[in-house]
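For reference, the structure discussed in these notes is given below.
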Amino acid sequence: MALVQRTINGTEYYTDNEVYYTFHQVKLATDTLWDFACMALGITKKTRFTSQETKDITDLAGIGPRYPTKFLLLENGNVIPIAYLANGSANLRPNDIILRPAIYPVAPAITAVVPPSVSTESVADRLKEIEHLHNMKLITDPEYGDKRAKIMAEL
């Protein structure tokens, strides 16, 4: 099934109703995967990155064919890996849509308010779930660490 664009909770995704992707559109031939990784990670500065920010950006953007990007390309409604040129840079063209796998967006439920410290799932189940998302590269190392720390703090 080809991906279609949907808005869920105010965020636009491309989806086949099973896998969801956030996306960016390449506007200029000079746009780089580094630029898109910064946007995806919410980093707005252009210089003086911390070593952790540099690691996170490089992990998502990749550094060439031997260490490829975690972004994907939307082509004719299908997801494909991003190709690299002979010089090692990503083969991006204006109007290309690059995708990043996202955690399943949940529509807001209208239910009773439950304090965040109360969970109906066991800690082991919740840790297993975030580990699965991390292994599938749907959340970054820092996101995984933060989520894991929050669950452990509830003990």
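Summary table
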{"item": "Estimated 222 nm signal from helices in the chain, with DSSP H stretches of n ≥ 4 weighted -39500 (n - 2.57), rounded to 500", "result": "-9000 deg cm²/dmol"}
{"item": "Spacing of the two label points (7 Å from each Cα toward its C-beta) at N95 and D125, in nm", "result": "4.8 nm"}
{"item": "Packing-based ranking, highest mean first, of 62-72, 4-14, 126-136 given that Cβ atoms within 10 Å are counted", "result": "62-72, 126-136, 4-14"}
{"item": "The stretch 1-30 versus the stretch 50-112: alpha-carbon centroid distance in Å", "result": "11 Å"}
{"item": "Length added when fully stretched, S51-D141, from 0.36 nm per residue minus Cα-Cα", "result": "31.0 nm"}
{"item": "Placed amide H near G64: partners under 5 Å, 5+ positions off or other chain", "result": "T69"}
{"item": "Hypothetical label at I43: residues of the stretch 60-83 whose amide nitrogen lies under 12 Å (7 Å Cα-Cβ projection)", "result": "60-62"}
{"item": "Residue-wise HN-Hα coupling along the stretch 71-86, computed from phi with Karplus coefficients 6.51, -1.76, 1.60 (Hz; x: Gly, Pro)", "result": "6, 10, 10, 8, 9, 6, x, 10, 8, 9, x, 6, 7, 10, 7, 4"}
{"item": "Proximal lysines to K137, defined as alpha-carbon separation beneath 22 angstrom and excluding residues fewer than eight positions away on the same chain", "result": "K55, K70, K128, K147, K150"}
{"item": "Theoretical gain in end-to-end length, V106 to L85 [0.36 nm per residue, Cα-Cα removed]", "result": "3.8 nm"}
{"item": "By average C-beta atoms within 10 angstrom, highest first, the peptides 75-84, 27-36, 92-101", "result": "92-101, 27-36, 75-84"}
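No value in this document is a laboratory result; all are computed from the given coordinates. No experiment lies behind these values; they were computed from the predicted model shown. Don't worry about glycine lacking a Cβ; one is built from the backbone with ideal geometry, like all the others, and counts go over all protein chains shown.
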